[in-house]
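A short worksheet on the structure shown next.
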């Protein structure tokens, strides 16, 4: 394995996180928002891997596995909510129209 | 055994009231009535047993005592919940349970298809229980419990049909006006308690009889009189009684004719040594009685509503009782209380039977010619009217009114003349009502029949209204003095009787009144329109006491309230509420409901937190 410095990996993680966050903030399509959240989770996981490699600790990879399973669960829940919304008769995936809890 | 029966007589209707209120209207009408009337009937039965025992073998001290428990015991003052049965409460007990039972029976016939019948019977039985507490109490503080209890039941029952705002207004008026008197009564009780250190009635009366009256005793007597005046609807606190007719007719018969309104008379008779030791209070009682008697009789002469005629007549008759109390003729007042309970309950119940059959109309000018359609009710009403007018020899009202007239003659011939004028007016107004309702052309076709549960009490009370007076007769007719002998341990020997021509005057004046009524309202030349001149209008409005109180008290009070509506205290609390509301609205604007914006806020917050954390 090429000794990529942890700094570079962290930089990549930061870029990925920012992309994901911008996706969540800017996209209105619920599916794309979910995908952006996945990117953010993966960015965080990458940061754990980098840290684990830097200190030769196994916990980094343990955390990665946990985040992987969390992401799967999150995707399942998120997709189920979207399907429920669809079944309840919402014709659109636009997140901004779901604002009935407005104060 | 007898002392055990005493609390049971009270407990019986009290338990029934609890049961009826707990059923919350889920019980069908018949069991409701069986519990309501049955419990009062049971206490009437026990009361009759107790009375026979009492009369056959009088208890050693002339009274039965049953101490229930000690209420409070502090330094210099203690009070017990205790019941006493002496001749006065014996008479009252028989009236309350006996007449109460007959009215409960009648009420089933009157109310059986009303959806609120459980509430009705609950309040009625609770009333009987409270009235019995009032009558039995040997301590003024527990008497006050009964006094307030009957007041609240009166309020609940006047406003029984509470979907009509007029009924609710009448109930509130009755409650507030009697409350003024209750407050005076409570002040009087506190004054007596501080003066004597006890509210036990025998102890108080002992002090009143032995110690000369000082200022506090005089004030207390006047305050107690205030309470009695409000409860018994006497001038100047009489305005609630005519409006109280908004309640169902059995309520008017039980509460506003036979029992509760006579509580004031009972209170004064119970505390008579205290009043007798304050001559000014006695004079006030006399004057209040005479004024009420004449004013109310004048109002009754021109009323068009059958129940209001009877309401004013009740005020007038209680005026007679007050007159007798003020003249010191205690036995006469109690005698008239008893006979009045018979004949006025009878009149109210007969009026209720008529109202039920002429489609709930109460205007006497819309009735007419009903004698042939309902002969039974006519005979009952005739018996009641004759007793109220005091037609000689035959009726109960004659003997009791005669006794009051004698008492008034002994106090002052002027009082006697006033009372005689009242008797004349009484005969005129009640026979005016009778002639207009039962004779002449028929204006409303009656329907249905008067049921057995209503007819039976009417018959019983008609017999009582005619024969109930035979327990006490003037010597000139027959030397029968059952009631005054019974009451003499309390009140002392009755007054000696006046000359025989008094008796003649007392018998002829009511007959003359009936004659005048016949001349004015007999079927042929019956004037079918109520009199409309200024004086008649004034009298019909109850001499405009309502307007006077509106101008003097209610309007200034309401204006003051409106002026003070936004004072500094209100502003303070209003400002707090306004600040909270504005802040909430501002924060609420952040909750746009859009997930993306929330995510943005979270991101911004995280960035700010990181920046703050990264700063060394």
Task: Failed criterion for residue A:48 (all others in (1) within 14 Å of chain B (Cβ to nearest Cβ); (2) buried (at least 16 other Cβ atoms within 10 Å of the Cβ) hold) - done: (1)
TODO: Scan the stretch A:82-95 for residues that are in contact with a helix residue (DSSP H, G or I) (Cβ under 7 Å, 6 or more places away or on another chain) and either within 9 Å of another protein chain (Cβ to nearest Cβ) or loosely packed, with under 13 Cβ neighbours inside 10 Å (or both) and report the count.
DONE: 1
Task: Residues satisfying the stated conditions in the stretch B:72-88, i.e. touching a helix residue (DSSP H, G or I) at 6+ places or on another chain (Cβ under 7 Å) and in a strand (DSSP E or B) - done: B:77, B:79, B:81, B:83, B:84, B:85
Task: So residue A:98, is it under 20 Å from residue B:592 (Cα atoms) and either within 14 Å of another protein chain (Cβ to nearest Cβ) or touching a helix residue (DSSP H, G or I) at 6+ places or on another chain (Cβ under 6 Å) (or both) - done: yes
Open item on the list: Can you say whether residue B:5 is modelled with pLDDT under 95 and either surrounded by fewer than 14 Cβ atoms within 10 Å (Cβ to Cβ) or within 20 Å of residue B:146 (Cβ to Cβ) (or both), as far as the supplied structure shows?
Closed with: yes
Task: Residues satisfying the stated conditions in the stretch B:475-527, i.e. part of a loop (DSSP other than H, G, I, E, B) and assigned by TED's automatic domain parsing to the domain that holds residue B:423 - done: B:522, B:523, B:524, B:525, B:526, B:527
Open item on the list: Just to be sure before I move on: is residue A:16 part of a helix (DSSP H, G or I), modelled with pLDDT of 90 or more and over 21 Å from residue B:594 (Cβ atoms) in the structure I sent?
Closed with: yes
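Conditions tested, residue by residue: (1) surrounded by fewer than 20 Cβ atoms within 10 Å (Cβ to Cβ); (2) more than 27 Å from residue B:111 (Cα to Cα).
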site: B:194; (1), (2): yes, yes
site: B:215; (1), (2): yes, yes
site: B:227; (1), (2): no, yes
site: B:230; (1), (2): no, yes
site: B:235; (1), (2): no, yes
site: B:247; (1), (2): no, no
site: B:255; (1), (2): no, no
Open item on the list: Just checking, does the stretch B:418-437 include any residue being part of a loop (DSSP other than H, G, I, E, B), surrounded by 20 or more Cβ atoms within 10 Å (Cβ to Cβ) and touching a helix residue (DSSP H, G or I) at 6+ places or on another chain (Cβ under 7 Å)?
Closed with: no
- [ ] Please give the number of the condition residue B:569 fails out of (1) surrounded by 10 or more Cβ atoms within 10 Å (Cβ to Cβ); (2) under 44 Å from the mean Cα position of the chain (by Cα).
- [x] (1)
Open item on the list: Consider the stretch B:447-469. How many of its residues are over 25 Å from the mean Cα position of the chain (by Cα) and either loosely packed, with under 15 Cβ neighbours inside 10 Å or not in a loop (DSSP other than H, G, I, E, B) (or both)?
Closed with: 4
TODO: Could you pull out the residue among B:225, B:204, B:199 that is in contact with a strand residue (DSSP E or B) (Cβ under 6 Å, 6 or more places away or on another chain) and closer than 28 Å to residue B:283 by Cβ?
DONE: B:199
Open item on the list: For the condition part of a helix (DSSP H, G or I) and either within 14 Å of chain B (Cβ to nearest Cβ) or closer than 18 Å to residue A:35 by Cα (or both), what is the one hit in A:53, A:75?
Closed with: A:75
TODO: Can you run down the residue pairs with Cβ atoms below 7 Å, 6 or more apart or on separate chains, where the first is in the stretch A:16-39 and within 10 Å of another protein chain (Cβ to nearest Cβ) and in contact (Cβ under 8 Å) with a residue 60 or more places away in the chain and the partner is part of a helix (DSSP H, G or I) and surrounded by fewer than 18 Cβ atoms within 10 Å (Cβ to Cβ)?
DONE: A:28/A:96; A:30/A:82
Task: Hey, residue B:382 out of contact with any strand residue (DSSP E or B) (no Cβ under 8 Å at 6 or more places or on another chain), under 29 Å from residue B:473 (Cβ atoms), surrounded by fewer than 24 Cβ atoms within 10 Å (Cβ to Cβ) and at pLDDT 90 or above or not - done: yes
Open item on the list: Yes or no: the stretch B:18-26 includes at least one residue that is assigned by TED's automatic domain parsing to the domain that holds residue B:118, touching a helix residue (DSSP H, G or I) at 6+ places or on another chain (Cβ under 7 Å) and within 29 Å of residue B:489 (Cβ to Cβ).
Closed with: no
Task: Test for residue B:154: is it closer than 30 Å to residue B:452 by Cα, touching a residue at least 24 places away in the same chain (Cβ under 8 Å) and surrounded by 16 or more Cβ atoms within 10 Å (Cβ to Cβ) - done: yes
- [ ] For residues that are part of a loop (DSSP other than H, G, I, E, B) and buried (at least 24 other Cβ atoms within 10 Å of the Cβ), tally how many sit in the stretch B:304-331.
- [x] 2
Task: Total residues in the stretch B:232-265, condition over 24 Å from residue B:36 (Cβ atoms) and part of a helix (DSSP H, G or I) - done: 6
- [ ] Exactly one condition in (1) crowded, with 24+ Cβ neighbours inside 10 Å; (2) within 21 Å of residue B:307 (Cα to Cα) is not met by residue B:472; state its number.
- [x] (2)
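Quick check on residue B:171: is it under 30 Å from residue B:44 (Cβ atoms), buried (at least 22 other Cβ atoms within 10 Å of the Cβ) and within 14 Å of the chain's Cα centre (by Cα)?
On the way: under 30 Å from residue B:44 (Cβ atoms): yes; buried (at least 22 other Cβ atoms within 10 Å of the Cβ): yes; within 14 Å of the chain's Cα centre (by Cα): yes.
The answer is yes for residue B:171.
The values are calculated or read from the model by the stated rules, or taken from the named source; none is laboratory data. Predicted model only: the values in this text are computed from it and were never measured. Reconstructed Cβ throughout: ideal geometry from the backbone, glycine too, with neighbour counts over all protein chains shown.
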